[in-house]
1. Listed residues B:48, B:99; which is modelled with pLDDT of 95 or more and either more than 28 Å from the chain's Cα centre (by Cα) or farther than 24 Å from residue B:433 by Cα (or both)?
2. Would a scan of region A:254-266 turn up a residue that is within 24 Å of the chain's Cα centre (by Cα), surrounded by fewer than 23 Cβ atoms within 10 Å (Cβ to Cβ), outside any loop (DSSP other than H, G, I, E, B) and away from chain B (no Cβ under 14 Å)?
3. Could you tell me whether residue A:404 is surrounded by 17 or more Cβ atoms within 10 Å (Cβ to Cβ) and in contact with a helix residue (DSSP H, G or I) (Cβ under 8 Å, 6 or more places away or on another chain)?
4. So which residues in region A:1-46 are crowded, with 17+ Cβ neighbours inside 10 Å, within 29 Å of residue B:346 (Cα to Cα) and in contact with a helix residue (DSSP H, G or I) (Cβ under 9 Å, 6 or more places away or on another chain), if there are any at all?
5. Which residue is farthest from the chain's Cα centre (by Cα), if the candidates are limited to region A:167-185 and must be more than 8 Å from chain B (Cβ to nearest Cβ) and surrounded by fewer than 22 Cβ atoms within 10 Å (Cβ to Cβ)?
6. Between B:456, B:392, B:462, which is at pLDDT 95 or above and either more than 22 Å from residue B:52 (Cβ to Cβ) or in the same structural domain as residue B:310 (by the TED database) (or both)?
7. Out of B:128, B:151, report the one residue that is closer than 30 Å to residue A:355 by Cα, at the interface with chain A (Cβ under 7 Å from one of its Cβ atoms) and modelled with pLDDT of 95 or more.
8. Given the conditions (1) touching a strand residue (DSSP E or B) at 6+ places or on another chain (Cβ under 6 Å); (2) touching a residue at least 40 places away in the same chain (Cβ under 8 Å), report the number of the one that residue A:425 does not fulfil.
């Protein structure tokens, strides 16, 4: 019996489509109702989570979709996973929900155990964690850690000066220094103000928001298939690393940290080689800055490794690794004690994370290890990639630049245009598949970690059914 | 039988102190253990939430403290409140925890009901809500709404220009415009980057963080007792309003919004009159900007009204009201449909809040209404203020500038110095009271909403016990 069958004995065996329009009439009515009090324009459909199971999400009209988008890459173990239901019902959880501790000041006696749950699956070398509430929050908390560290290096143990204390209250230098985080074109790191200043995938994410004047380097743009364009792609790595080097030397304000996704997700599933990442880490180190790996979308088993940056075989661990989404809790890992500010209460806020979500996170990590879901993802990903690769021979136009070979189920491809992509995503609903896009013209697969060969078969069959009509 | 007795039949009848040091030996050992993986320097003690009940927090050494700090003003209905335990055990909650929906794209069928729970206790006039994850997050989401609105007013329905779309990707004008949020000296609005740019209470909150160049007006500094300094305080209102007016006219970038706390909390429990707030609202309106009331600490029954700004009798509702803390969920209310961006997906993120915390928030609102805990808070607050006022006659030096008359239990006072205040807070532990400070030299009371006369008696007796030794 497969893991998925063990977890979800009553998971549907195939999609079921009962409406001719999407959203269906029940969804439509509920969306209109919801819209009176909450901006419901982005709603695809209203879900019936009670009936959803495993890899299938059910809507209020009764459509049962195979879900390869999974709450924007956020569901790790399938809908209504029994192990998570157990965690949700535990007395520890009830207390975390009802007596929400200010974890910085008054942590619960099970806080160490809760944190250990997150550390058990921490990236290799990372020994400490600071928790937050969302991916954007995690990145901004990491920025703070980087800026504090950077200034402390310069300060060399000296206390804050009177001038620093006075100027910071006016948002002026030197207390509020002009420091930068370098990120990359096409990056997505969140939509709060500092994280939006690092985000660079679509204008709509940040139009009309004041921004920090932070630089963008170029993320490699490879030619596919990779094995047929080795030399060009190596050149591309070098070109992009040279840009990073140049920005360090020329940017008007000091660059304290570099923020990068192991695979740019929202920005189009753009991959970078291990040579690029190793080269990047070296440049960052050489310039006395810190490297933040944004694993919000790639982390927690999604790429055939627990953490995607394991693929890069970096000689030393990244300085900080941020997480959220599939972990259901957010924050950053680090290993260097110097990243804990020398003065207390600098990295601090009322709640310092949410123990309820951290408990779920720990349970997710434990289940992934128990059932070796990372290996499952790697195996099923290879199987799925092979099938899609074959399909790409048949429909090269609609399965262009297939990406994610040997990266578990973290697979994407491009269509001829934004319109063609959007039509494809819609059409997939008619065959009972909930699937998402990235960048302007691409499709990204983000199934759960209990996605198996049988689900891959259904997905590929559905894709072919749609493409055969184009 | 009182509400508190109904909720908590086994709440301790008085504090119990069993250690001679704080934190006690058990707490100390656990803090050291926790410190290996999480920055534990701010920890006062490790709590045993299983044993905590109502207004009493119990630590792992067995000390039972009357808690008038309540997780930095975050616990509304007492520890282990049975109504919240019921909400935490509901099937709706289990689903919200396990199947965490991306609420923007795939809301649950009970989403409308969950949102309605928050709207039932919305400030008068507010008809819509956008949810977030923390107070800082709520404020920054509100800033985004303000900036989007401000630019849309100028754009008058025109689409984004090519220049805007291109420049925003470089964090440059006009796509990333130079716009400002005005806030006030001594304000606290959070510690993310934009919220920290609006925060102005202590350097430690924001030192070494790059900041937006946003202006600070002056929050009134009144002389106490208020009824003996009417004229001077009226002059102070006028002086401070003139500063707001001047900043609108002189600040180098347009001010799109003004952010203010009904009572500055972290910054010292500084109060402002209804005349000041009415005058402020008028100036903000006259300059085509929006007013954000930050009710993160003052909201949800803490001041003898459900929302503190009700005391100001504003002629029209504030444009946005942010909330968090006692609501256990975060976000902002608004009433003007124009504050919903004209284009979808501008105010958006993966999760768009947390339904688990929203369910708790709705349950909190319902319980407050059911038991009329706002009236209880007003009544007990008046009782407590009267007793403290008497004590202030006896110890005028240690109960200086008593603040919060007729503001429920939202009471504060100042001590002669920061050292004296810190000593007082520590000393209160020896008589079994957990109590917090604000600003440099002040004490703030932030008990739960089930704090009754009997608790007030214990608190005042404990204060006198300490002060009598000074």
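The values are calculated or read from the model by the stated rules, or taken from the named source; none is laboratory data. A quick note: this is a predicted structure, and the numbers were derived from the prediction, not measured. We place every Cβ from the backbone using ideal geometry, glycine too, and count neighbours over all the protein chains shown.
1. B:99
2. No, region A:254-266 contains no residue that is within 24 Å of the chain's Cα centre (by Cα), surrounded by fewer than 23 Cβ atoms within 10 Å (Cβ to Cβ), outside any loop (DSSP other than H, G, I, E, B) and away from chain B (no Cβ under 14 Å).
3. yes
4. Passing the criteria: A:22, A:23, A:30, A:34, A:37, A:38, A:40, A:43, A:44, A:45, A:46.
5. If we take residues in region A:167-185 being more than 8 Å from chain B (Cβ to nearest Cβ) and surrounded by fewer than 22 Cβ atoms within 10 Å (Cβ to Cβ), then A:167 is farthest from the chain's Cα centre (by Cα).
6. Exactly one of B:456, B:392, B:462 is at pLDDT 95 or above and either more than 22 Å from residue B:52 (Cβ to Cβ) or in the same structural domain as residue B:310 (by the TED database) (or both), namely B:392.
7. One residue alone meets the criteria, B:128.
8. Unmet condition: (2).
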